[in-house]
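Have a look at the structure below before the remarks.
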Amino acid sequence: SLPRLRQALIKILTRPGYLVAYSALSIAVLAWVAWAYIEAPYMGLWPLAEWQYWAPILLMPLACILGVVGLSTPNPFSVGPGDKGFDPERPGILRLPRHPAIWPCILRSGGHMVPNGDVASILLFGLMLLLSLAGLWLLDAKRRLSLGDDWDRLSAHTSMGKIVLGEIG
């Protein structure tokens, strides 16, 4: 997200050093968040109903499938293997969500908020949900800049491309 800072750190640490430091920091932050969530006092916001258990049970298989497909499909718009082999006329799964590797985070976060109606869960999963939703927009903006004139041609047959170009409705 901060290319100048990333490049400066790579100059100082070298690329492998940067990747190790970034990974270590990410793991430390994730461990801290998990610890804070586990240690947070329970402050319920809504009573638990039996149907709420079904939200993550139904959403997680879809999230897992989207995750695997998203991380194994050529995609010039999002995270994953890159654009090698991407056919803009036949975008495959990208015809529905342009960012199938991010949607699992959205589905997981939203699905887990339903049966975990306490403040700590809403903070944890709600912030993950907001970050994931922002990621959709931020990745589009980043790729639109990097792809330049190719953006319209490449995104025309994706779900959002059709909406933007007025092909739906």
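The values are calculated or read from the model by the stated rules, or taken from the named source; none is laboratory data. Just so it is clear, the structure is predicted and the values come from calculations on it, not from any experiment. Neighbour counts run over all protein chains shown; Cβ positions are idealised from the backbone, glycine included. Please note that ligands, DNA and RNA were not included when accessible areas were found on the heavy atoms of the full protein model with its side chains. Shrake-Rupley method; radii C 1.70, N 1.55, O 1.52, S 1.80 Å.
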Please list, ordered by first then second residue, the pairs with beta carbon atoms under 6 Å, 6 or more apart or interchain, first in region 122-150 and within 22 Å of residue 107 (Cβ to Cβ), second assigned to a helix (DSSP H, G or I) and β-branched (Val, Ile, Thr).
132/106
Residue in region 33-41 that is surrounded by 14 or more Cβ atoms within 10 Å (Cβ to Cβ) and of a type in the set (A, V, I, L, M, F, W, C) present:
yes
Do any residues in region 35-60 that are within 17 Å of residue 120 (Cα to Cα) and of a type in the set (Ser, Thr, Tyr) have Cβ atoms under 9 Å from those of residues that are in a strand (DSSP E or B) and open to solvent by less than 100 Å² (accessible area, probe 1.4 Å), where the two are at least six apart or on different chains, and which pairs are they?
42/118
Hey, could you check region 42-67 for residues that are aliphatic (A, V, I, L, M) and surrounded by 13 or more Cβ atoms within 10 Å (Cβ to Cβ) and say which is nearest to residue 117 (Cα to Cα)?
48
Taking residue 71, is it touching a Gly at 6+ places or on another chain (Cβ under 9 Å), closer than 29 Å to residue 138 by Cα and open to solvent by 100 Å² or more (accessible area, probe 1.4 Å)?
yes
Conditions (1) over 20 Å from residue 115 (Cβ atoms); (2) more than 20 Å from the chain's Cα centre (by Cα); (3) open to solvent by less than 50 Å² (accessible area, probe 1.4 Å); number of the one not met by residue 76:
(2)
Taking only region 120-169 into account, find how many residues are modelled with pLDDT under 90 and in a helix (DSSP H, G or I).
25
